[in-house]
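> Handing you this structure, nothing more for now.
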Amino acid sequence: MHKKLKSLQKLEKNWDSYGADPIHEFALAEADLLFKCFKALGASEPQAVPTNEGGVQLEWHEGGYDLELVISSEGKVNDVFCNPSRE
């Protein structure tokens with residue numbers, strides 16, 4: 001598993017002090033797969049952010065572009081946000 005995801009794996013119930021769920025193994029597995037896929041494509045590494053529902057959000061912010069993928073606790077990519085360059 002990617003080192004950025006290993007730190008998320010350690011989060012326990014209520015990690016945000018608002019009752020957040022621990023990060024689910026399905027979300028971590030899917031995020032790890034996406035890390036490997038994007039690396040194989042030569043893309044830069046995303047930031048990995050926990051969600052309070054037990055999922056993972058992967059984010060890229062570079063060159064005027066923003067791309068965010070939200071992976072649910074079930075390991076499904078539910079939301080995608082892309083903000084094209086403002087140039």
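The values are calculated or read from the model by the stated rules, or taken from the named source; none is laboratory data. Only a predicted model underlies this, so the values are computations on that prediction, with no experimental measurement involved. All Cβ positions, glycine included, derive from the backbone under ideal geometry; neighbour counts span all protein chains shown. These area figures cover heavy atoms from the full protein model, side chains too; ligands, DNA and RNA do not enter into them. Shrake-Rupley method; radii C 1.70, N 1.55, O 1.52, S 1.80 Å.
> How many residues does region 34-60 contain that are more than 14 Å from the chain's Cα centre (by Cα) and of a type in the set (A, V, I, L, M)?
Count: 3.
> Please determine, by comparing only the residues of region 31-60 that are open to solvent by 40 Å² or more (accessible area, probe 1.4 Å) and polar (S, T, N, Q), which one is nearest to residue 13 (Cα to Cα). Before the answer, list the steps.
Our first condition is that a residue be open to solvent by 40 Å² or more (accessible area, probe 1.4 Å); within region 31-60, this holds for 33, 36-45, 47, 49, 52-53.
Filter once more, keeping what is polar (S, T, N, Q): 44, 47, 52.
On the way: 44: 30, 47: 22, 52: 9 Å.
By that ranking, first place goes to 52.
> If you don't mind, another one. Could you grab me the full set of residues in region 61-81 that are open to solvent by less than 40 Å² (accessible area, probe 1.4 Å) and under 10 Å from the mean Cα position of the chain (by Cα)?
Residues satisfying the conditions are 69, 70, 71, 72.
> Identify the residue in region 1-28 that is among the aromatic types (Phe, Trp, Tyr) and within 20 Å of residue 59 (Cβ to Cβ) and, among all such residues, is least open to solvent (accessible area, probe 1.4 Å).
Taking region 1-28 first, the residues among the aromatic types (Phe, Trp, Tyr) are 15, 18, 26.
Pick out the ones that are also within 20 Å of residue 59 (Cβ to Cβ) and you get 15, 26.
On the way: 15: 83, 26: 126 Å².
Looking at residues that are among the aromatic types (Phe, Trp, Tyr) and within 20 Å of residue 59 (Cβ to Cβ), I get 15.
> Follow-up. How do the pairs read when you match residues in region 4-19 that are in contact (Cβ under 8 Å) with a residue 40 or more places away in the chain with residues anywhere that are in a loop (DSSP other than H, G, I, E, B), using Cβ under 6 Å and keeping only pairs 6 or more apart or on different chains?
8/23
> Collect the residues in region 52-68 that are modelled with pLDDT of 95 or more and aliphatic (A, V, I, L, M), keeping them in residue-number order.
56, 58
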